[in-house]
Amino acid sequence: MTIAHPSPAARPDASSAIEAFLATTDAPTPFLVLDLNVVAERFAALRLAVPRAQVFYAVKANPARPILERLHRLGSSFDVASPAEIDDCLAVGVPPERISYGHTIKKRRDVAYAASVGVTRFAVDCPEEFDKVADAAPGAAVSVRLFHECGGADWPLSRKFGCSTAEAEQLLVSCTEEGMTCGVSFHVGSQQRDLATWHETLGVVADVFRRARDRGARPTLLNLGGGFPGSYRDDAPAIADYGRAINAALAAWFPPGDSGLDELMVEPGRYLVADAGVLRSEVVLVSHRSVDEMARWVYLDVGKFHGLAETMDEAIRYRLRTAHDGGPTGRAVVAGPTCDSVDVLYEKSGYELPLALDEGDMVDILSAGAYTTTYSSVGFNGFRPLAEHIIG
Ligand SMILES: *Cc1c(COP(=O)(O)O)cnc(C)c1O
C-alpha cells in the first residue's frame, strides 16, 4: 500500500497483507487478524511525533506474544498491570528496567514479586499504595498518578484512578524523603480527540512540580500516558498533530534545559495496535422485529462478550465493512449473538448497513486490534474466546 500524503482523511481499511489473508482464509469466524508490520509503522510514527519521550506499550491493549516480541526488537518499553503481564514481557526478553508497573491498584505481594524480578518503576495514587511500594520495592522510581478531569475522550478513564494536585504534591515530597526517584503521570482518557487537553493538563502538572519543589521534592520524570487514537467511525486528528500539540505544550510548561526533567514517557496502547487488526464476523440473522416497529436487527457472531466490550454505551464506534458496500443502505440495530439482552452493539448511533446484507454474509469490523482479544469472555453461552491470527 502506498499513500503519498497520509492525512486524517486517509483511513485505509486494512493493510494489503490483511486483505490478502481475508481474501483466502476459511478460518471460522469470529476472528481477529493482526499485521505486525502495521504495529511497527505506528511505533515509528509515534516516536517521530513525540521524540523526547520513551514509548512504554500498554500491554493490556493486546498482549499477544508476537506483538511484544516485535515491539521489544524495535526498542519499546512496556507498561504492565499485573505479574502475568510482567512475565509475558520477560518471556520475550524485555529487561526489567524497561517494564513499568503502571497500575495504581496492586497487591503488596505483587509489588514484591515485580521488585524481585528487577522491575523498578511503579505508579501510585494514594499514600496507602505509596506505603506498599516504599515497603516492598525500596529504591523504586515512583510515578504519582494525577487525576484531572478532561473531556474529549471516547473511552474516558473515570475517577477510579488518580489523586488531587495537593495529594500529588505531598506524595512527591514523601518519595523524595524516602530517597526515591519520582514524577507525575496522567492519562487524558483513551481515544482522546481533543488536542487541547495536553496543554491544559500539563499546565496543572507543571504547577504540581513547582509547588512540590518549593517543599523540597525533586520530581524528575513525567509520564504523558496514552490517549492516542485508532481509526474509528468518527475522525481523529493525525498522529503528527498530536505530536505538535504535545511538543508545544511541553515546550511551554517544561522547556528543555530548565525543567529539571530527566525522563519523559508515553504509554500508548490503542494507537499501536488498533489499526493493525480486522475482526471478521458473520451475520447470524437479519430480522425485522415486530415489537420494535419492524426495525431491522442484524445479529453478528461476535458481540460485547467476545471482544467488543468497548461498544458499551456505544463509546467506541467501529467502522463496519461488508461485501455489499456501495449498494443501498438502511438503518440497522447491530447486536451480538448471546442470549444476554445487553449484548447490543449499536442502537442509537445511527448505523446504516446495506439492505442486501443477509444471513451468512461477512461483516469486517475495522481497526479492531486494540482492547478486543483481552475483553473476550472464556465461553459465555458456549461461544469460544475470540481467535487471533497474527501475520507480518
Ligand atoms: C490503558 C492504559 C494506557 C493506554 O491507553 P490508550 O488510550 O490505549 O493509549 C496507558 N496508561 C495506563 C496507565 C493505562 O491504564
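Just so you know, all these numbers are worked out from the coordinates, no wet-lab data involved. Keep in mind it's a predicted model, so treat the numbers as computed, not measured. Glycine also receives a Cβ, built like all others from the backbone with ideal geometry; neighbour counts cover every protein chain displayed.
Values as computed for the structure displayed
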read-out	value
Most fluctuating residue given options T24, T329, T201, as computed from a GNM of the chain linking Cα atoms under 10 Å	T24
Label-point gap, in nm, between R213 and D292 - each point 7 angstrom along Cα→Cβ	5.7
Extreme residue, positive dipole direction of segment 37-272, given options V205, A49, A91 (C-beta unit charges)	A91
Virtual spin-label span in nm between S341 and V117, 7 Å along Cα→Cβ	4.4
Pair D241, A44: separation of 7 Å Cα→Cβ label points (nm)	2.4
Karplus-derived 3J(HN,Hα), 6.51/-1.76/1.60, for each residue of segment 142-153, Hz, glycine and proline x	10, 9, 8, 7, 9, 8, 8, 5, 10, x, x, 9
Packing-based exposure ordering (other Cβ within 10 Å, fewest first) of E178, E128	E128, E178
Listed residue pairs exceeding 19 Å between alpha carbons, taken from K60/K132; K160/K304; K60/K348; K106/K132; K107/K160	K60/K132; K160/K304; K60/K348
Rounded to 5, percent antiparallel among DSSP beta bridges of the chain	40
Segment 201-221 versus segment 274-301: alpha-carbon centroid distance in Å	50
Estimated FRET transfer efficiency (H324, A248; beta-carbon r; R0 35 Å; 0.05)	0.20
Net +/- balance of residues flanking Y371 in space, Cβ distance below 10 Å, scoring K and R +1, D and E -1	+1
Gap separating the Cα centres of segment 324-363 and segment 235-250, nearest whole Å	34
Zone residues, segment 171-203, relative to R233, backbone N less than 20 Å from point 7 Å out along Cα-to-Cβ	190-194
Within a Gaussian network of the chain (alpha carbon springs, distance under 10 Å), most fluctuating of P268, P237, P256	P256
The chain, relative contact order in percent, only Cα pairs under 8 angstrom and at least six apart counted	20
Residue (of V173, C163, P256) at the positive-pole extreme of segment 37-272, dipole from beta-carbon charges	P256
Net charge dipole size for the chain [Lys, Arg +1 and Asp, Glu -1 on Cβ; Debye, nearest 20]	700
Segment 202-273: trypsin sites (Lys or Arg not before Pro) in DSSP coil with no more than 12 other Cβ atoms inside 10 Å	R215
Phi-based couplings in Hz for segment 330-347 (Karplus 6.51, -1.76, 1.60; Gly and Pro marked x)	x, 4, 9, 8, 10, 9, x, x, 7, 8, 9, 6, 7, 7, 10, 8, 9, 10
